[in-house]
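Here is the structure we will look at.
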């Protein structure tokens, strides 16, 4: 066993500990508490990390690593529709080697900025073997699309990926739905059934753009044109006339095992619906600014009691994959909330959303010893200093 001490220890599951210590043995935490108490009867080696904070590795609940090769190729946009058109066009031009190299670079970037667990969304599964051999823990959501699949009986019928024995035996692989404008009701039901039978979480992009609500309300606009261009239209389609959240509720796709992502254009009634069903909402605030989507209604979400987690989305739609950048943005944008709230979103909440809270998300006995350290000079604004240093790349792993 060995003990790591520093001026601050941030367990996340309890208040910050000044002059704290964390005892680890092999890859598991044995004890967390004030250094004076922990070290009183401790006979092993002690590593003093100095004037800074020990904290758990971050949990990034939403990435698209297969887009990593597009870093720098898709500039920030004022309209989400322009961003998605540029991203789809750029992705179509990538070679397999470029994609693979980009995935490795994305994984390295996540690790270097303090991520220990990632929720990866992929409609090619190209990132799966890279994640399997990486130092990151992961949950892979294989993203399903098919607005024209209205007579689907089961998921395997449309997507051979789910017939593979490796998929059935992989606890960290789920089916994911792309979005209400790109997934048919039958496909939503097949995804839900496949995941429920295996007790695995699921994900869906929700209310990322106003055009999504317009399409479900009236059946026209940007997404009607996009579906026509891609040969995915359905003759006689009648829009449900519901908000995206209400539409998914009608398909029984909301609930504690669902990670809805973005939620930029949610109405107060939608926030209440997500709270009532205890559906996780993964917000990606900096990515939403990059793509021109907007800003999620944070105050309404918090007041409603929606369970929240954090993601960065992709390097095609964000400046980087550093979740500390989002923590800093939230802390500065909403100063009425304490920094420990935002840290929970980027750690424990994310682990809970992915069903991995027994191993990650906080510093508690029995959990994996995924410890990081950030040096802090000791300014008056503790949380601002912590998030600023993390966003600047000053996080380092304790090995």
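Points worth noting:
- Qualifying position, being outside any helix (DSSP H, G or I), crowded, with 18+ Cβ neighbours inside 10 Å and in contact with a strand residue (DSSP E or B) (Cβ under 7 Å, 6 or more places away or on another chain), among 301, 281: 281
- Look at (1) within 18 Å of residue 368 (Cβ to Cβ); (2) modelled with pLDDT of 95 or more and you find that residue 17 fails only one, number (1).
- Residue check for residue 227: assigned by TED's automatic domain parsing to the domain that holds residue 342, crowded, with 22+ Cβ neighbours inside 10 Å and not in a loop (DSSP other than H, G, I, E, B): no
- Residue 180 being closer than 25 Å to residue 107 by Cβ, surrounded by 18 or more Cβ atoms within 10 Å (Cβ to Cβ) and in the same structural domain as residue 129 (by TED's automatic domain parsing): no
- Only one of the numbered conditions (1) surrounded by fewer than 17 Cβ atoms within 10 Å (Cβ to Cβ); (2) in contact with a helix residue (DSSP H, G or I) (Cβ under 8 Å, 6 or more places away or on another chain); (3) modelled with pLDDT of 95 or more is not met by residue 113, and that is (1).
- Contacts under 7 angstrom Cβ, first residue in segment 257-272 being more than 12 Å from residue 205 (Cα to Cα), partner modelled with pLDDT of 95 or more and in a strand (DSSP E or B), 6 or more apart: 257/202
- Residue count, segment 135-170 (criterion: in contact with a strand residue (DSSP E or B) (Cβ under 9 Å, 6 or more places away or on another chain) and closer than 28 Å to residue 102 by Cα): 18
- Some residue of segment 331-344 being outside any helix (DSSP H, G or I), in contact with a strand residue (DSSP E or B) (Cβ under 7 Å, 6 or more places away or on another chain), touching a residue at least 40 places away in the same chain (Cβ under 8 Å) and assigned by TED's automatic domain parsing to the domain that holds residue 200: no
- Being under 22 Å from residue 201 (Cβ atoms), surrounded by fewer than 20 Cβ atoms within 10 Å (Cβ to Cβ) and within 17 Å of the chain's Cα centre (by Cα) is true of residue 123.
The values are calculated or read from the model by the stated rules, or taken from the named source; none is laboratory data. If you're wondering where the values come from, they're calculated on a predicted model, not measured in any experiment. A quick note on method: Cβ atoms are made from the backbone with ideal geometry, for glycine too, and the neighbour counts reach across all protein chains shown.
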